[in-house]
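The values are calculated or read from the model by the stated rules, or taken from the named source; none is laboratory data. All figures in this text were calculated on a predicted structure; none of them were measured in a lab. Heads up, the Cβs are rebuilt from the backbone with ideal geometry, glycines too, and the neighbour counts pull from every protein chain shown. Just the protein is used for accessible areas: all its heavy atoms, side chains included, with ligands, DNA and RNA removed. Shrake-Rupley method; radii C 1.70, N 1.55, O 1.52, S 1.80 Å.
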Amino acid sequence: MMRSLWSASSGMIAQQRQMDVVAHNLANVNTYGNKKVRAEFQDLIYQTLRDAGGASGNGTQYPEGLQIGLGVRHSATNRIFTQGPLQTTDNPTDVGIQGEGFFEIQLPDGTSAYTRDGSFKIDSDRRLVTSDGFLLVPNITLDQNATIDSLVISSDGRVSDTPAGGDQTEIGQITLVRFTNPSGLSAYGKNLFLATEASGDPITSEPGADGAGVLTQNTIEMSGVQVVEEMVNMIVSQRAYESNSKAITTSDSMLETANQLKR
């Protein structure tokens with residue numbers, strides 16, 4: 001009887017974690033470049049009461065084994081890096097990625113982070129930075145006499161501006177970084193990811209080359225979370241949680257009945 005209590009309790013814990021993931025997805029439904037997180041589960045070890053193929057006597061074998069499962073566990077959270085919808089913003093410093101790749105960002109300690117969020121800003125030194133002031137790598141700096149409206153970013157990452165009274169001038173090249181296993185990236189917060197041994201080494205290339213995506217100026221990639229899908233997951237998780245709690249209640253009632261037996 002205790003097996004059912006522990007199995008059902010592990011199910012409740014698993015569904016609570018599923019709800020945590022669903023709530024996180026819904027909270028980031030409007031986060032630029034956000035990717036859906038999927039909770040993954042595995043069944044726990046089994047108590048084997050009889051092996052399949054074991055001798056049943058007189059030269060015969062049991063065709064099936066006898067195993068009792070001991071519940072479930074949360075095995076991983078997998079981030080799904082599918083393309084999010086591109087929304088037109090008419091802001092020249094907004095850049096969307098169509099296809100694979102990340103922008104490289106320099107953190108204050110000099111290390112690199114990576115993002116799909118292309119909602120860049122211009123800082124006091126006229127450099128392209130994130131909303132938190134982190135520099136885009138390679139650094140892009142506008143001419144002192146150029147306006148933001150003159151900024152032009154081509155699909156292959158070439159950046160140009162037009163100084164007042166001058167001609168259009170190329171001022172830099174935006175590159176994209178890809179990973180062999182993007183799901184192995186570690187979420188840093190602030191729409192940033194860090195490379196890990198599981199993700200593999202960063203592969204830098206120009207947009208449109210070597211499998212990297214292309215850039216689209218005046219657009220921004222929206223979240224890849226589908227609200228309807230998350231609501232369905234929420235309902236399924238809620239019902240599973242209720243079912244597991246019912247199994248605990250029923251097991252407790254059966255134990256109570258057993259305790260009340262009299263000789």
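Averaging the Cα positions of each part gives two centres, and for segment 120-180 and segment 206-263 these lie 41 Å apart.
Around TYR62, with a cut-off of 9 angstrom between Cβ atoms, what is the net charge of the other residues, counting Lys and Arg +1 and Asp and Glu -1? Around TYR62, the charge tally is -1. Per-residue surface analysis assigns GLU64 an accessible area of about 130 Å², computed on protein heavy atoms at 1.4 Å probe radius. If R0 is taken as 41 Å, the Cβ-Cβ distance between TYR46 and THR111 corresponds to a FRET efficiency of 0.40. Accessible area of THR147 (1.4 Å probe, protein heavy atoms only, ligands and nucleic acids ignored): about 80 Å². Pairs of lysine residues in the chain that meet both criteria, 8 or more places apart or on different chains and Cα atoms under 28 Å apart, total 6. Around the Cα centre of segment 92-214, unit charges on the Cβ atoms of Lys, Arg, Asp and Glu (plus for the first two, minus for the last two) sum to a dipole of about 220 debye. Relative to the current alpha-carbon distance between GLU197 and ALA55, full extension at 0.36 nm per residue lengthens the span by 46.4 nm. Accessible-area rank, largest first, for MET234, MET222: MET234, MET222, with all protein chains present and a 1.4 angstrom probe. Highest mobility in the GNM of the chain, judged by mean-square fluctuation with C-alpha springs under 10 Å and restricted to ASP149, ASP90, ASP167, is found for ASP167. Taking the 0 to 90 degree range and rounding to the nearest ten, how far is the long axis of helix 2-27 tilted relative to the main principal axis of the chain, both from C-alpha atoms? Helix 2-27 sits roughly 20 degrees off the main axis of the chain. Ligands, DNA and RNA left out, the accessible area of the chain computed with a 1.4 Å probe is 50% carbon and sulfur.
Full extension of the segment from MET234 to HIS24, taken as 0.36 nm per residue of separation minus the current Cα-Cα distance, would add 74.4 nm.
Here the contact order of segment 109-173, divided by its residue count and restricted to Cα pairs under 8 Å and six or more residues apart, works out to 21 percent. In percent, what relative contact order does the chain have, based on Cα pairs under 8 Å that are 6 or more apart in sequence? Worked out over the chain, it gives 26 percent. Label-to-label distance for SER154 and GLN226 is 3.7 nm, based on points extended 7 Å past Cα in the beta-carbon direction. Using just the helices of the chain, give the 222 nm mean residue ellipticity in deg cm²/dmol: DSSP H runs with n ≥ 4 each add -39,500 (n - 2.57), and the total is spread over all residues, rounded to 500. It comes out at -8000 deg cm²/dmol, rounded to the nearest 500.
Rounding to the nearest 10 and keeping the result within 0 to 90°, find how far the Cα-based axis of helix 227-259 lies from the longest principal axis of the chain. Roughly 20 degrees between the two axes.
Considering only alpha-carbon pairs that sit under 8 angstrom and 6 or more positions apart, the relative contact order computed for segment 43-173 is 14 percent.
Solvent exposure of the chain amounts to 56 Å² per residue of accessible area, where only protein heavy atoms count and the probe is 1.4 Å.
Per-residue SASA remark: ILE174, around 0 Å² accessible (1.4 Å probe; ligands, DNA and RNA not included).
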